[in-house]
Amino acid sequence: MESNLINFIRMFLSYLLVVAVAAAVIAIAVYIGIRLRKSKNMKEMTENAEGSKAES
């Protein structure tokens, strides 16, 4: 009986670790994506501002 409980806890912690690693990878990917998108938006805004000044 005690062996089954120990095995259950060990497997539960193993799956919990896998889920934690997956969540960390997803969080890093979302952070990088948001950062890249904001950078692209700022670049497009400065290009549009410079283009409108050149036309004036």
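Dipole magnitude for the chain: computed about the Cα centre from +1 point charges on Lys and Arg Cβ and -1 point charges on Asp and Glu Cβ, it is near 60 debye. Multiplying the residue separation of L36 and N7 by 0.36 nm and removing their Cα-Cα distance gives an extension gain of 6.1 nm.
Bear in mind these aren't lab numbers, they're just calculated from the coordinates by the rules spelled out. Nothing here was measured: the structure is a model prediction, and the numbers come from that model. Quick reminder, even Gly has a Cβ in these numbers, built from the backbone with ideal geometry, and neighbours come from all protein chains shown.
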